[in-house]
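The values are calculated or read from the model by the stated rules, or taken from the named source; none is laboratory data. Please read all numbers here as calculations on a predicted model, not as lab measurements. Glycine gets a Cβ as well: all are built from the backbone with ideal geometry, and neighbour counts include every protein chain shown. For the accessible areas, the whole protein counts, side chains as well, though only heavy atoms, and no ligand, DNA or RNA atoms are used. Shrake-Rupley method; radii C 1.70, N 1.55, O 1.52, S 1.80 Å.
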Amino acid sequence: MIKKTFVRKELPVVLFSLFITTISPASFAQQPGQTEITKWQNDKQSAVSITYDDGSRKQFTVALPIMEQMKIPATFFVITGPIKGSVYPPKFVGRPVKQIISETASVPTDANNFFERASASLYLGYAGTLPYYNRADEFYESGRKEKAYKVMDSLYVAVRKKELKPGKDLSMEMAQEQGLTWNDLKDYAHKGYEIASHTVTHAHLAILDTANMGYELRKSKDEIRNHLGPKYTFSAEVPFGIEDPRVMKYGFPIYDALRNSMPEPWMTEINRGYKEQPGNSDKEYVQWQRGPLSKTPMSLMESWVDTSLAHDNIWLVLVFHGIDDIGWEPTPHQKLHDYFTYIKNRENKIWIAPFGNVARYVRERMDAKVHSKLSGDKIDVSLSSSLDMNKYDEPLTLKTYVPSHWTKAEVKISGKKKELKIHKDGRGNFVLYQAVPGSGSIEIKKD
């Protein structure tokens, strides 16, 4: 199945005092003073985001030290409910479950009550409900809704007949996160790792009613904000990588970026289960997700990096789950080390950054406008954006062409000066520097 893409609208326009051009590089020589925003930070060829789902223990005790040693950043999508210190536990939001159980004796499950009954299924006070819940979701998401309803009926029959033992079920993902604390996550965030939401319980959101879907998404966000701050509420991943339209519609207003889907008109999305090749897209960006499994050959994993570098518009998003012997489809630590070494050795061409950082960058770039003017030995540049600066503060890389006789240059942004190196390409001499849209005046001078 090929994930639908969206019709590309206008590219952002970059304005200069001399003429108007798009931000896509032209093949002809650039006039001194012309400024563009590079496609990736630091004018790299592609971007790679390493992400982990579920927050299992060895992601932090095994994988993170490997990345720390190599100075590689990453994003961890964590389940907030089982983290020590969380105030929003797993729960059912709704009427008393005894009422729901009683009602199932006379009212069969159908489209009118399925979501409520599925939402309550893990909170009925009995162990052994998880297999029913998982199977109902499998049928529902594959379009076999009537079978999903029958599974839910069979669960409530078992509950009414007391065929299940008292207790509660804990999902594999929640059990494997046991021991993680918010103090741990604060430390990881301080080191530059992105901590993001993977809901409260790793729920099947596609079969939850709106009240419980809202609890899973909003309370996970609130938990992260309360412990880590608003910076870490930008990104989220709905469990199981689903793209259910109802869930996406509900989730988009809550989070700024869902790894499941970023429906931008200028970007093609290829989820990790799809076979579509990224090189076939003519969009400004391609978000290409790949999910290494336990037995994925290293040669294939390396080919994803090589393919990204063969183009200039690919954002490779890697999705890992288990590490060594803990988690779904675990990757051995040595394989992880070797793969990250392969990526790190190409860092001169690859921007390695957390998911949220790259999401911010591409949106800022596509929204931003640049004005620049050459006057003698000085170039004045302004960078603006209509996006909320409280959320979108990722520095953009600006590329300004300078007169050929310049041998040194400096940039002053909001009063702070920095020396710049003069580079050269087929279009002339240029300097690279970083600026956040709306952060103040930019002045480049011959040094």
If you check every pair at least six apart or on different chains, which have Cβ atoms under 8 Å apart with a residue in segment 393-410 that is without any contact (Cβ under 8 Å) to a residue 40 or more places away in the chain first and a residue that is basic (Lys, Arg) and open to solvent by 40 Å² or more (accessible area, probe 1.4 Å) second? Lys408/Lys446; Ala409/Lys445; Ala409/Lys446; Glu410/Lys417; Glu410/Lys418; Glu410/Lys445
So, of the residues in segment 314-343 that are in a strand (DSSP E or B) and among the β-branched types (Val, Ile, Thr), which turns out to be surrounded by the fewest Cβ atoms within 10 Å (Cβ to Cβ)? Ile326
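From Asp169, Asp222, Asp153, Asp187, which residue is open to solvent by 30 Å² or more (accessible area, probe 1.4 Å), of a type outside the set (Gly, Ala, Ser) and not in a helix (DSSP H, G or I)?
On the way: Asp222 fails: not in a helix (DSSP H, G or I); Asp153 fails: not in a helix (DSSP H, G or I); Asp187 fails: not in a helix (DSSP H, G or I).
Only one candidate qualifies: Asp169.
Could you list all residues from segment 261-274 that are in a loop (DSSP other than H, G, I, E, B) and either free of Cβ contacts under 8 Å to residues at least 60 places away in the same chain or of a type outside the set (D, E, K, R) (or both)?
If we filter segment 261-274 for residues that are in a loop (DSSP other than H, G, I, E, B), which is where we start, we get 262-266, 271-274.
The answer is Met262, Pro263, Pro265, Trp266, Asn271, Arg272, Gly273, Tyr274.
Report the residue count in segment 83-98 for those that are outside any loop (DSSP other than H, G, I, E, B) and open to solvent by less than 30 Å² (accessible area, probe 1.4 Å).
Just the residues of segment 83-98 that are outside any loop (DSSP other than H, G, I, E, B), to begin with: 84, 97-98.
Applying the additional criterion that residues be open to solvent by less than 30 Å² (accessible area, probe 1.4 Å) yields none.
So the answer is 0.
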Pair list, Cβ < 6 Å and 6+ apart or interchain, from segment 103-130 residues that are modelled with pLDDT of 95 or more to residues that are among the polar types (S, T, N, Q) and assigned to a helix (DSSP H, G or I): Ser119/Asn212; Thr129/Ser121
Tally of residues being surrounded by 12 or more Cβ atoms within 10 Å (Cβ to Cβ) and more than 16 Å from Pro265 (Cα to Cα) across segment 283-301: 9
Which of the following residues is under 26 Å from Gly322 (Cα atoms) and among the polar types (S, T, N, Q): Thr129, Thr210? Thr129
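Given the residues Thr61, Thr80, which is the only one that is at pLDDT 50 or above, assigned to a loop (DSSP other than H, G, I, E, B) and more than 24 Å from Val286 (Cβ to Cβ)? Even if it seems obvious, please write down each step before you answer.
On the way: Thr61 fails: assigned to a loop (DSSP other than H, G, I, E, B).
Being at pLDDT 50 or above, assigned to a loop (DSSP other than H, G, I, E, B) and more than 24 Å from Val286 (Cβ to Cβ) holds for just one of Thr61, Thr80, which is Thr80.
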Any hit, segment 361-372, residues being over 27 Å from Lys221 (Cβ atoms), open to solvent by less than 10 Å² (accessible area, probe 1.4 Å), touching a Gly at 6+ places or on another chain (Cβ under 7 Å) and at pLDDT 95 or above: yes
Name the residue that is nearest to Gly143 (Cα to Cα), counting only residues in segment 231-260 that are outside any helix (DSSP H, G or I) and open to solvent by 10 Å² or more (accessible area, probe 1.4 Å). Asp244
Meets criteria (under 32 Å from the mean Cα position of the chain (by Cα) and closer than 27 Å to Phe320 by Cβ) for Lys335: yes
